[in-house]
Amino acid sequence: MAAEGWIWRWGWGRRCLGRPGLPGPGPGPTTPLFLLLLLGSVAADITDGNSEHLKREHSLIKPYQGVGSSSMPLWDFQGSTMLTSQYVRLTPDERSKEGSIWNHQPCFLKDWEMHVHFKVHGTGKKNLHGDGIALWYTRDRLVPGPVFGSKDNFHGLAIFLDTYPNDETTERVFPYISVMVNNGSLSYDHSKDGRWTELAGCTADFRNRDHDTFLAVRYSRGRLTVMTDLEDKNEWKNCIDITGVRLPTGYYFGASAGTGDLSDNHDIISMKLFQLMVEHTPDEESIDWTKIEPSVNFLKSPKDNVDDPTGNFRSGPLTGWRVFLLLLCALLGIVVCAVVGAVVFQKRQERNKRFY
């Protein structure tokens, strides 16, 4: 890592070229030892820079190669995607555009962390803009489709950075980030903004910012974490944290975007993939990770959840059948109590008669 010139803050700090000591959520390299020990239990599952490695074969970093051409080393792009010296523009601020960029190489890392430097901006005001960016780790690549410029019924992981609320009844505040894991059997419902297949999400005000905006996706030992840095404070903010996620190796990283009647510029400045050095048990090492089916060990279906304005989940509303079941249970409870009470009262009366 020293050869690359990267300095990594402890915890979820941002990697900054040649700028040690930047503020962040965790202690810096000069933090006293007793404070590191005190924070050890909190940061035990968060790697430091010494155990991470930038994987250039899966990273998109300036200066880009192939500017002005229709291809570039290690990455393919299609549709409206345009490569410049400063950014990869997936869509211009024009209607009905779709574009994507995909890594050539399948990723065989079991544990990884992707940092994405992106920018969404345009002339549209209020809700007069759309639709957003999708980040992918999927089996198939370079397949255009209706889901932010890429295919539906995909196999793998998608993170949606959605800027337009299609569902007028939603309580969500947009822009909104959500996560979906699919084994090919689920379809993304644009009319509901993916609400029925969403695992978790959060509100994130990333559009038309005057400063850099970042997103980090970490996958390690079944735990999927998404964090954002949108305030120009060099600090990561929690967005999504899910356990029980199973993703295979051998899939491809990519990004796509789409516009409809409304539009925005959707730009990717960099995508940096880091390998996480994590120990696995012998049983885990013996698994053929390429054969794993994308899945999530969820206690209940996402369809049983509804969102609240903060982007968190609460229990679903009392629909008709739920009210019926509750009333039925209450009625049965009353009947049982009445029967037990009658039996007790009768036995007490019989006992009292024996004393006269």
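The values are calculated or read from the model by the stated rules, or taken from the named source; none is laboratory data. Note that this is a predicted model, so its numbers are computed, not measured. For neighbour counting, all protein chains shown are included, and Cβ atoms are generated from backbone atoms with ideal geometry for every residue, glycine included. To get the accessible areas, we keep the full protein, side chains included, count just its heavy atoms, and leave off ligands, DNA and RNA. Shrake-Rupley method; radii C 1.70, N 1.55, O 1.52, S 1.80 Å.
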Could you list, ordered by first residue, the pairs with Cβ atoms under 6 Å in which the first is in region 180-192 and free of Cβ contacts under 8 Å to residues at least 24 places away in the same chain and the second is in a helix (DSSP H, G or I) and of a type outside the set (A, V, I, L, M, F, W, C), at least 6 apart or interchain?
Met180/Thr197
Could you please find all residues in region 249-288 being of a type in the set (D, E, K, R), out of contact with any Gly (no Cβ under 9 Å at 6 or more places or on another chain) and open to solvent by 20 Å² or more (accessible area, probe 1.4 Å)?
Lys272, Glu279, Asp283, Glu284, Glu285, Asp288
Within region 196-208, tally of residues that are surrounded by fewer than 19 Cβ atoms within 10 Å (Cβ to Cβ) and assigned to a helix (DSSP H, G or I)
1
Of the residues that sit in region 162-175 and are more than 16 Å from Gly258 (Cβ to Cβ) and not hydrophobic (A, V, I, L, M, F, W, C), which one is surrounded by the most Cβ atoms within 10 Å (Cβ to Cβ)?
Arg172
